[in-house]
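Visitor: Mind having a look at this structure? Questions to follow.
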Amino acid sequence: MKMLEKVEENQTEIVKEYVNRLYKKVQQRNPNEMEFQQAVKEVLDSLVPVLVKKPIYMKQAVLERLIEPERLISFRVPWVDDKGKVQVNRGYRVQFSNAIGPYKGGLRFHPSVNASIIKFLGFEQILKNSLTGQPIGGGKGGSDFDPKGKSDLEIMRFCQSFMTELSRHIGADIDVPAGDIGVGAREIGYMFGQYKKLRGAFEAGVLTGKGIGYGGSLGRKEATGYGTVYFVEEMLKSQGLSFKGSTVVVSGSGNVSIYAIEKAIQFGAKVVACSDSCGYVFDVNGINLETVKRLKEVENKRISEYVNDHPEAIYQEGCSGIWAIPCDIALPCATQNEVNKEAAEMLVSNGVKAVGEGANMPSTQEAVDTFMEHHVLFAPAKAANAGGVAVSALEMAQNSARLAWTLEEVDAKLQGIMKEIYNKSLKASVDYDAPGNLVVGANIAGFVKVADAMIEQGVI
Ligand code: NDP
Ligand code: 2IT
């Protein structure tokens, strides 16, 4: 017995060295791409136990292959603004892995978009999509275009130009984009229209998140936020806890945040704060979701305007202050690295019991470490926000079958998928000696399926 333990210890050291070497290579090959490096490091570190137990993954250089995108496309997006001036943005699509299905992942329009952001998102998407149990590979794209302050016609011209180039690279069985920050049903509609015109065919399955009237799925709009809450409820249940009667803080006020707030309220929670990139609102009576929906989904206004309708609420400039509000459950649903060590410490000192990541990589590594040290229940993004892409895959299935399911059918499937992701992640954490650590569990459960498919398909 002692002997066996010693062998495993040695093997662990060998794997750790291997993983460190790989990470150094990633740093050298992708200099200055901090977000991509961060996302890869987290995954590499959590895969150590699986590489110890299954050395074939090292022998077959699965990780070396997985951390190198199959291709990264970067292209010019010229468009004409309302003043007649020519503007030029940069577009991206990273096609990271199609080991288990067509590349699949959203498009982000935000001035901060660069190769590092797109690659971190695309890399995480591989494992997230695998966790959903649906046949979808990993991809991501977007542009440094800033939709803020643009007219509807400017948005349309930009989307058309973006799709003119992107259309060469996508297809229902090749690569299927959807929305992300700055890309919702309106943008998907303009891009779908342009794709259809260029192809001369109605290929519904080329994009997801479409309008309900032309091939979109009921429940897709709500799926990410609802899915996050379903996942966190499952995690809370394991400790005899629940959303019911709890106080919740949700960052952001976009697509993911709005439907996370909606489901948390339906589950009996009081959501006391939400935010946008300028500041946050705190409403001791509970955030009025109808006001947030009107401001954000209809009028395109700042969250600061919330206090006009609700004078009892408080608006504060700046994003990080939201994490100083005492709560039982925190749902970061805005953007990457929005929860740093200081924010995590603040949440912990105020007695937070659970954190669920609706956004992609919203917690820094130090923040995650802080939550773990203090035994805060932690639902990592790849697992907790997978509901959006899962329902995208259901949209693809409906498009292929030329059918449309009811909202109840889609929602029931989403609940089943989120439960299954929770169970898979928990089981992997137990099997690989990190019981309850869902970061490790989700990464391993997502990875194994992709890695096995890669081995079965040979070195390509
Ligand atoms: P939206 O564009 O609908 O909303 C984004 C929200 O986050 C807005 O409130 C926005 O504020 C805020 N925000 C964006 N960037 C920043 C920033 N740099 N600093 C502070 N706040 C910021 O996007 P989504 O709701 O779709 O996406 C939110 C997160 O969820 C992202 O991390 C995305 O990758 C992730 N996600 C989205 C999925 C989806 O289906 N849409 C699926 C899975 C994950 P403002 O309006 O002021 O910019
Ligand atoms: O990060 C994500 O999972 C998304 N933005 C959704 C991707 C999708 O294809 O629905």
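Nothing in this text is a laboratory measurement; each read-out follows from the coordinates by a stated rule. This structure is a prediction, so every number in the text was calculated from the model and none was measured. Every residue, glycine among them, receives a Cβ derived from its backbone with ideal geometry; neighbour counts consider all protein chains shown.
Visitor: Considering only the range 154-177, I want to know if a residue exists there that is under 20 Å from the mean Cα position of the chain (by Cα), touching a residue at least 40 places away in the same chain (Cβ under 8 Å) and within 11 Å of ligand 1 (Cβ to nearest atom).
Guide: Among the residues of the range 154-177, not one is under 20 Å from the mean Cα position of the chain (by Cα), touching a residue at least 40 places away in the same chain (Cβ under 8 Å) and within 11 Å of ligand 1 (Cβ to nearest atom), which makes the answer no.
Visitor: Scanning for something among the charged types (D, E, K, R), touching a residue at least 60 places away in the same chain (Cβ under 8 Å) and at negative phi, does the range 276-286 turn up at least one residue?
Guide: Going through the range 276-286, the residues among the charged types (D, E, K, R) turn out to be 276, 283.
Restricting the remaining residues to those that are touching a residue at least 60 places away in the same chain (Cβ under 8 Å) gives none.
The answer is no; no qualifying residue exists.
Visitor: Looking at the range 145-154, can you tell me whether even one residue there is crowded, with 21+ Cβ neighbours inside 10 Å, assigned to a helix (DSSP H, G or I), on the phi < 0 side of the Ramachandran plot and not charged (D, E, K, R)?
Guide: No: the range 145-154 contains no residue that is crowded, with 21+ Cβ neighbours inside 10 Å, assigned to a helix (DSSP H, G or I), on the phi < 0 side of the Ramachandran plot and not charged (D, E, K, R).
Visitor: Within the range 230-243, does at least one residue satisfy the condition of being touching a residue at least 24 places away in the same chain (Cβ under 8 Å), within 16 Å of ligand 1 (Cβ to nearest atom) and among the aliphatic types (A, V, I, L, M)?
Guide: For the range 230-243, residues touching a residue at least 24 places away in the same chain (Cβ under 8 Å), within 16 Å of ligand 1 (Cβ to nearest atom) and among the aliphatic types (A, V, I, L, M): present.
Visitor: Which condition breaks for Leu107 when tested against (1) touching a residue at least 60 places away in the same chain (Cβ under 8 Å); (2) touching a helix residue (DSSP H, G or I) at 6+ places or on another chain (Cβ under 7 Å); (3) not polar (S, T, N, Q)?
Guide: Result: Leu107 passes all but (2).
Visitor: Please go through the range 372-399 and give me each residue that is part of a helix (DSSP H, G or I), under 11 Å from Val355 (Cβ atoms) and under 13 Å from the mean Cα position of the chain (by Cα), ordered by number. It would help to see each step written out before you state the result.
Guide: Kept after step one, since they are part of a helix (DSSP H, G or I), are these residues of the range 372-399: 372-373, 381-384, 387-399.
Right, trim to under 11 Å from Val355 (Cβ atoms) and you get 372, 381, 384.
Correct list: Ala381, Ala384.
Visitor: Let me ask you something else. Test Asn300 against the criterion of being touching a strand residue (DSSP E or B) at 6+ places or on another chain (Cβ under 9 Å), surrounded by fewer than 19 Cβ atoms within 10 Å (Cβ to Cβ), free of Cβ contacts under 8 Å to residues at least 60 places away in the same chain and over 20 Å from Ala359 (Cβ atoms), and give yes or no. Spell out the reasoning first.
Guide: Details: touching a strand residue (DSSP E or B) at 6+ places or on another chain (Cβ under 9 Å): no; surrounded by fewer than 19 Cβ atoms within 10 Å (Cβ to Cβ): yes; free of Cβ contacts under 8 Å to residues at least 60 places away in the same chain: yes; over 20 Å from Ala359 (Cβ atoms): yes.
When the stated conditions are applied, Asn300 does not pass them.
Visitor: Would you tally the residues in the range 314-335 being part of a strand (DSSP E or B) and either within 24 Å of the chain's Cα centre (by Cα) or at positive phi (or both)? Even if it seems obvious, please write down each step before you answer.
Guide: We begin by selecting, within the range 314-335, every residue part of a strand (DSSP E or B); these are 314-317, 329-331.
Filter once more, keeping what is either within 24 Å of the chain's Cα centre (by Cα) or at positive phi (or both): 329-331.
Count: 3.
Visitor: Report those strands (runs of 3 or more DSSP E) wholly inside the range 56-122 carrying at least 1 residues which are within 15 Å of ligand 1 (Cβ to nearest atom), surrounded by 24 or more Cβ atoms within 10 Å (Cβ to Cβ) and not charged (D, E, K, R).
Guide: Fully inside the range 56-122 and qualifying: 86-97, 103-109.
Visitor: Could you please find all residues in the range 413-437 being touching a strand residue (DSSP E or B) at 6+ places or on another chain (Cβ under 9 Å) and either assigned to a loop (DSSP other than H, G, I, E, B) or of a type in the set (Asp, Glu) (or both)?
Guide: Gly436, Asn437
Visitor: A further question on this structure: Going through the range 403-412 one residue at a time, which ones are free of Cβ contacts under 8 Å to residues at least 24 places away in the same chain and in a loop (DSSP other than H, G, I, E, B)? So that I can check it myself, show each step before the final result.
Guide: We begin by selecting, within the range 403-412, every residue free of Cβ contacts under 8 Å to residues at least 24 places away in the same chain; these are 403, 408-409, 412.
Leu403, the sole residue that qualifies.
Visitor: Scan the range 321-333 and give yes if some residue there is of a type outside the set (A, V, I, L, M) and over 26 Å from Ala442 (Cα atoms), otherwise no.
Guide: Within the range 321-333, one or more residues are of a type outside the set (A, V, I, L, M) and over 26 Å from Ala442 (Cα atoms).
Visitor: Are any of the residues in the range 140-153 within 15 Å of ligand 2 (Cβ to nearest atom), touching a residue at least 12 places away in the same chain (Cβ under 8 Å) and charged (D, E, K, R)?
Guide: Yes, that holds for at least one residue.
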